[in-house]
Amino acid sequence: MTAESSKIVRNASVVAGATLLSRVLGFVRDLIVAFALGAGLPADAFFVAFRIPNLLRRLFGEGSLTMAFVPVFSRVRKKQGEGAAFEMARSAMLWLLLILGALTVLAIVGAKYLVLLIAPGFGTNPELMSLTVDLVRVCFPYVIFICGVALCMGILNSMGHFLAPALAPCMLNVALIGSALIGYFTGNNVALFMAWGVLI
């Protein structure tokens, strides 16, 4: 086996191992969340509140933006050097943060209308509506951070660094598990603790 083949196998093993770990943590997360959050209004509120920024994460963090950026970054790095590539990356990151920051402000201000758009039935229950709006306002800035991380992950992958990007999804699972358990065992609002866990 050549050195290049060995490197490919090693990188594939790293990604596969990290993906397996993420799946295991995801299973544990689901068990813990079901135990700590249960069923009812708080659970409904959290899952709707988390769904809203998650849609944008899929679009900006894992969607066309990242797929379009990485080949361009690699091409610029190859033809013009790392300095030009990182300058382009800084510019892309700045624009991404500005756009997502503006969207986040709008989402926080108009959280009630976002909830009504995603879950119109919540409008008939003032308590559920109020809790969901609060959770949306806590969760939504997550979009800024996760999309910035996704861009950095793309850069690292294009430079041949796979471990940190592969482990990144595990962090959300760990945060949700920890926040759910802390909220449950301290007798606090588990849904609110989990919303802060998403952000952290």
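Of all residues in region 181-200, exactly one satisfies the criterion of being in a loop (DSSP other than H, G, I, E, B), touching a residue at least 24 places away in the same chain (Cβ under 8 Å) and either under 16 Å from residue 132 (Cα atoms) or hydroxyl-bearing (Ser, Thr, Tyr) (or both), namely 189. Listed conditions (1) under 18 Å from the mean Cα position of the chain (by Cα); (2) hydrophobic (A, V, I, L, M, F, W, C); (3) exposed (fewer than 13 other Cβ atoms within 10 Å of the Cβ) are all met by residue 35, apart from (1).
Residues in region 160-180 that are closer than 30 Å to residue 9 by Cα, over 13 Å from the mean Cα position of the chain (by Cα) and touching a residue at least 24 places away in the same chain (Cβ under 8 Å) were compared, and the one that is surrounded by the fewest Cβ atoms within 10 Å (Cβ to Cβ) is 160.
For every residue, the table says whether it meets (1) of a type in the set (A, V, I, L, M); (2) touching a helix residue (DSSP H, G or I) at 6+ places or on another chain (Cβ under 8 Å).
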position	(1), (2)
136	yes, yes
141	no, yes
148	no, yes
155	yes, yes
161	no, no
165	no, yes
168	yes, yes
171	yes, no
175	yes, yes
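Among the residues of region 113-133, is there at least one that is among the polar types (S, T, N, Q), under 24 Å from the mean Cα position of the chain (by Cα) and within 29 Å of residue 152 (Cα to Cα)? No.
So, in region 73-82, exactly how many residues are touching a residue at least 12 places away in the same chain (Cβ under 8 Å), over 23 Å from the mean Cα position of the chain (by Cα) and either within 20 Å of residue 147 (Cβ to Cβ) or not in a helix (DSSP H, G or I) (or both)? Can you show your working first?
The initial filter retains those residues of region 73-82 that are touching a residue at least 12 places away in the same chain (Cβ under 8 Å), namely 73-74, 76-77.
With over 23 Å from the mean Cα position of the chain (by Cα) added as a condition, the list becomes 74, 76-77.
Next cut, either within 20 Å of residue 147 (Cβ to Cβ) or not in a helix (DSSP H, G or I) (or both) only: 74.
Residues that pass the stated criteria total 1.
Being among the polar types (S, T, N, Q) and in contact with a helix residue (DSSP H, G or I) (Cβ under 8 Å, 6 or more places away or on another chain): is that true of residue 91 here? Considered against the rule, which asks whether it is among the polar types (S, T, N, Q) and in contact with a helix residue (DSSP H, G or I) (Cβ under 8 Å, 6 or more places away or on another chain), residue 91 comes out as no. Taking the stated definitions as given, is residue 55 buried (at least 17 other Cβ atoms within 10 Å of the Cβ) and modelled with pLDDT of 80 or more? Judged against the criteria, residue 55 is not a match.
Give the residue, chosen from 158, 130, that is closer than 17 Å to residue 40 by Cα and among the hydroxyl-bearing types (Ser, Thr, Tyr). Spell out how you get there, then give the answer.
Values: 158 fails: closer than 17 Å to residue 40 by Cα.
Answer to the selection: 130.
Every listed requirement among (1) in contact (Cβ under 8 Å) with a residue 24 or more places away in the chain; (2) outside any helix (DSSP H, G or I) is met by residue 39 save one, (1). Using the structure shown, decide if residue 18 is under 21 Å from residue 129 (Cα atoms), assigned to a helix (DSSP H, G or I) and either in contact with a helix residue (DSSP H, G or I) (Cβ under 6 Å, 6 or more places away or on another chain) or modelled with pLDDT under 80 (or both). No: the conditions fail for residue 18.
Would you confirm whether or not region 83-90 contains a residue that is outside any helix (DSSP H, G or I), in contact (Cβ under 8 Å) with a residue 40 or more places away in the chain and not aromatic (Phe, Trp, Tyr)?
Our first condition is that a residue be outside any helix (DSSP H, G or I); within region 83-90, this holds for none.
No - not one qualifying residue is present in region 83-90.
The values are calculated or read from the model by the stated rules, or taken from the named source; none is laboratory data. Because the structure is predicted, anything quoted here is derived from the model rather than measured. Counting neighbours? That spans all protein chains shown, and the Cβs are built from the backbone with ideal geometry, glycine included.
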